[in-house]
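Shown next, in structure tokens, is the structure this report addresses.
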Amino acid sequence: MRPLTDTCPKPLLQVRGRPLIVWHINNLVRAGITEIVINHAHLGQMIEDTLGDGSQFGASIAYSSEGTALETAGGIAKARHLLGEAPFVAIAGDIFCPHFDFTKVGDVLEENDVWGNPLPIDRRDLAWLYLVKNPPHHPEGDFALESFAIANQGEPRLTFSGIGVYRPELFDTIAAGTAAKLAPILREFAEQRRIGGELFRGDWTDVGTVERLEQLNAPLATKK
């Protein structure tokens, strides 16, 4: 995203007159999710200065400053003290997903089996991922989906959207302040059939290049 990100962090890049991260905040608040934690590294103070304490959105925002970027899992591990012990939804700050309905994330990690009996702790899903059809820049996808279970192998392949619900214990082995990627952890527990998921069919864009950002901001008449 350079040169844009030389002076602006990705989550503050604007789509249709609104920073990417504000689209997420508004959707969360609309769904009744108002306690928000934002982790940041590159130009992170600009995010804090822009969003403040969240009151302008009807939310309460806490911040976890990483200094040096810790990758997705490392960033979550560092913010654990702010997240509590209940499952939480995490959203990548550089995606555009204007119509995601966050009212549906609250009960995706079931505590009971289909008969209403409590599931043993070692059988509960540790995460629930929202997958999308593969975009042109990522044709190989990330995972397969088998009856709402994430699989490392299989067809068709789908792409992880950057939106997921996680149990905090998924990150127990990562020391706070340690850099760690999320994908290897998800693949490990997918092998144990402990990662669930579903296909999201709504509008979604990985805003990873200047060209994609420009396309999102182009007048509707010129879009392909």
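Looking only at the chain, where both bridge partners belong to it, what percent of the DSSP beta bridges are antiparallel (to the nearest 5)?
Values: 21 of 32 bridges.
Counting only bridges with both partners in the chain, antiparallel ones make up about 65 percent.
Please give the calculated 222 nm ellipticity per residue for the chain, where each DSSP H segment of at least 4 residues contributes -39500 (n - 2.57) and the sum is spread over every residue; nearest 500 deg cm²/dmol? Dividing the helical sum by the residues of the chain leaves -5500 deg cm²/dmol. Averaging the sequence gap over all C-alpha pairs within less than 8 Å and six or more residues apart, then dividing by the number of residues, gives the range 4-217 a relative contact order of 25 percent.
Near the amide H of Gly197, within less than 5 Å, lie the amide hydrogens of Leu129, Ala149, Ile150, all on another chain or at least 5 residues away, with H placed in the peptide plane.
The stretch between Arg30 and Ser65, if pulled fully straight at 0.36 nm per residue, gains 10.0 nm over its current Cα-Cα span. Site pair Thr209 and Thr50 shows an inter-label distance of 2.3 nm when each label is modelled 7 Å from Cα along Cα→Cβ. When the chain is treated as a GNM with alpha-carbon contacts under 10 Å, the residue of Pro98, Pro168, Pro136 showing the greatest mean-square fluctuation is Pro136.
Among 173-186, 84-97, how do they line up from the highest to the lowest mean number of other beta-carbon atoms within 10 Å? Write out the running numbers ahead of the final one.
On the way: 173-186: 15.4, 84-97: 17.9.
Listed from highest to lowest mean packing, they are 84-97, 173-186.
For the range 1-77, the equivalent ellipsoid derived from the alpha-carbon gyration tensor has semi-axes of 20, 16, 11 Å in decreasing order. Residues in the range 210-215 carry Karplus couplings, in order, of 4, 5, 5, 5, 5, 5 Hz; the curve used is 6.51 cos²θ - 1.76 cosθ + 1.60 with θ = phi - 60°, and Gly or Pro positions show x.
Which value, in Å to one decimal place, does the Kirkwood hydrodynamic radius take for the range 169-213 when every pair of different Cα atoms is included?
Working: mean 1/r = 0.0730 Å⁻¹.
When all Cα pairs of the range 169-213 are included, the Kirkwood radius is 13.7 Å.
Around the amide H of Arg157, modelled in the peptide plane, lies no amide H under 5 Å away from a residue 5 or more places distant or on another chain. Taking 17 Å as the straight-line reach from the Cα of Lys104, the aspartates and glutamates in range (excluding those fewer than 8 positions away in the same chain) are Glu35, Asp125, Glu198, Asp203. Restricting the calculation to Cα atoms, every distinct pair contributes to the Kirkwood radius of the chain, found to be 18.5 Å. Give the shape of the range 121-224 as rounded, prolate or oblate, defined through the alpha-carbon gyration tensor: a ≥ b ≥ c are the square roots of its eigenvalues, a/c under 1.5 means rounded, and otherwise the shape is prolate if a/b is larger than b/c and oblate if not. The shape class here is prolate. 3J(HN,Hα) couplings calculated from phi for the range 158-170 with the Karplus curve 6.51 cos²θ - 1.76 cosθ + 1.60 (θ = phi - 60°) are, in sequence order, 10, 9, 5, 6, x, 10, x, 10, 9, 7, x, 5, 4 Hz; Gly and Pro show x.
Every read-out reported here was derived from the displayed coordinates using simple, explicitly stated rules and does not represent laboratory data. This structure is a prediction, so every number in the text was calculated from the model and none was measured. Cβ sites come from the backbone with ideal geometry, for glycine too, and all protein chains shown count toward neighbours.
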